[in-house]
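Comments concern the structure below.
FYI, it's all coordinate maths here, none of it is from the lab. A quick note: this is a predicted structure, and the numbers were derived from the prediction, not measured. Every residue, glycine as well, gets a Cβ built from its backbone with ideal geometry; the counts of neighbours run over all protein chains shown.
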Amino acid sequence: MILSKRSTEPGINIFNGRNIMKAFAMLGIGKAGWIEKARPTCGPMDAIVRPLAVAPCTSDVHTVWEGAIGDRKDMILGHEATGEVVEVGSLVKDFKPGDRVLVPAITPDWNSLEAQAGYSMHSNGMLAGWKFSNFKDGVFAEYFHVNDADGNLALIPEGMDPVDAVMLSDMVPTGFHGVELADVKFGDEVLVIGIGPVGLMAVAGAALAGASYVYAVGSRKVCADAARAYGASEIIDYHNGPIAEQVMKLTNGQGVDRVVIAGGTVDTFAEAVAVLKPGGIIGNVNYLGSGDTVNIPRIAWGVGMGHKTIKGGLMPGGRLRMEMLAKMVTSGRLDLSPLVTHRFKGFDHMEEALMLMKDKPRDLIKPVVIIDPDLY
């Protein structure tokens, strides 16, 4: 593509009279790469944001390489970012250009009937509160659009590192939501399956909620060490045998009160059901990228009558959630720094960071790409 001229605004080019920008996108199932696309326009209740730092997610991997939500053509990837507001709509009251903001991965339509019913993450359809890199372009671009800015943005608190704060977009609220779905209470014994960044936040959330013992399933040392720091009592390596057998041994055959599933496959539910006590709850926040059915063992589920509850949910989004979680960080109750193991300086490293999430080397928890040179 030949650019006819360049704008005086950094990062934006003019092509045939249109503002265009650089972005990293899903080109089709199994393919991702760089594209140029028109800069998004701002509606009256919306904001246009310039990213300060962004992070790829395993969800991006499921989306591109498994086609988990269907084929997408030239859809900009990414749903984890902190940013700086560059434009707001005429009806936006609480934000202005120059504000540095937390951006949740889930940005509901707050006037929808689903939001009024308490399920904002499904506003206007199942999973439709998840807009970035699902129903619209994501955040891996020089600029991105945020709907309902007053309801979905939150100011970055003074002194908070905008790089660490990217974890508040998705990793923290998703992990904590798994704990909420499982309804962890004081004294509960909890199993967390999967200790990537979401699972680590489920470990932290379970400990904060008052769990007596937290058993965490994972094999990478960097994740296991972080899990212990966040409150895990025992690390279970699935390479050493079936998860259920190891948990039952650790619990003297009693099983656990709650399970949070933050990783695995459709077959992982069988392990979770097998170790769950009658009356227990499984909270699933794992994105099942493939498989047609979820496998639940009939006998272990009490032939359907074991009072073993399974809940699965997309994390809540929105401003209030961001503000409340940010206070957990600024108060010193939650340290996000162990999650970010790889920091890349410059937008051009986007593909490299995404491939790390795909390949998951042994020293990885989460990569962040720093866009703003002032944060280098």
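Annotations
- Set 136/358; 327/366; 31/136; 221/358; 131/345; 73/358 screened for pairs whose C-alpha atoms are more than 24 Å apart: 131/345
- The listed peptides 189-200, 95-106, ordered by packing as a protection proxy, come out as 189-200, 95-106 (highest mean of other Cβ atoms within 10 Å first).
- Cβ-based exposure ranking for 112, 331, 59, in which fewest neighbours within 10 Å come first: 331, 112, 59
- Relative contact order [Cα under 8 Å, 6+ residues apart], the range 258-368, whole percent: 21
- Within the range 184-246, the percentage of alpha carbon pairs spaced more than 20 angstrom apart rounds to 18%.
- Cα gyration tensor, the range 307-376 - rounded (a/c under 1.5), prolate or oblate: oblate
- To the nearest ten degrees, helix 319-330 and the longest principal axis of the Cα atoms of the chain are 70 degrees apart.
- A cut-off under 13 angstrom between Cβ atoms defines the neighbours of residue 107, and their net charge, with Lys, Arg +1 and Asp, Glu -1, is -3.
- Burial ranking of peptide ranges 365-374, 350-359 (average Cβ count within 10 Å, highest at the top): 365-374, 350-359
- Each Lys and Arg contributes +1 and each Asp and Glu -1, all at the Cβ; summed about the Cα centre of the range 194-249, the dipole is approximately 80 debye.
- Of the chymotrypsin sites (Phe, Trp or Tyr not before Pro) found in the range 140-195, those that fall in a DSSP loop while having at most 10 other beta-carbon atoms within 10 Å are 186.
- Summarising the amide proton neighbourhood of residue 191: residues at separation of 5 or more, or on other chains, whose placed amide H is nearer than 5 Å comprise 215, 258, 259, 260.
- Relative contact order of the chain, taken over Cα pairs closer than 8 Å and 6 or more residues apart, is 17 percent.
- 3J(HN,Hα) couplings calculated from phi for the range 279-291 with the Karplus curve 6.51 cos²θ - 1.76 cosθ + 1.60 (θ = phi - 60°) are, in sequence order, x, x, 9, 9, x, 9, 10, 7, 7, 7, x, 8, x Hz; Gly and Pro show x.
- Given charges at beta-carbon only (K, R positive; D, E negative), |dipole| of the range 175-312 in Debye: 80
- Shape analysis of the range 201-335 based on the Cα gyration tensor places the equivalent ellipsoid semi-axes at 26, 19, 15 Å, largest first.
- Under the criterion of Cα pairs below 8 Å and six or more residues apart, the relative contact order for the range 175-312 equals 25 percent.
- Axis angle, to the nearest 10 degrees, between helix 171-182 and the longest C-alpha principal axis of the chain: 40 degrees.
- Our analysis of the chain gives Rg over Rh at 0.98, with the two radii drawn from alpha carbon positions and Rh computed by the Kirkwood formula.
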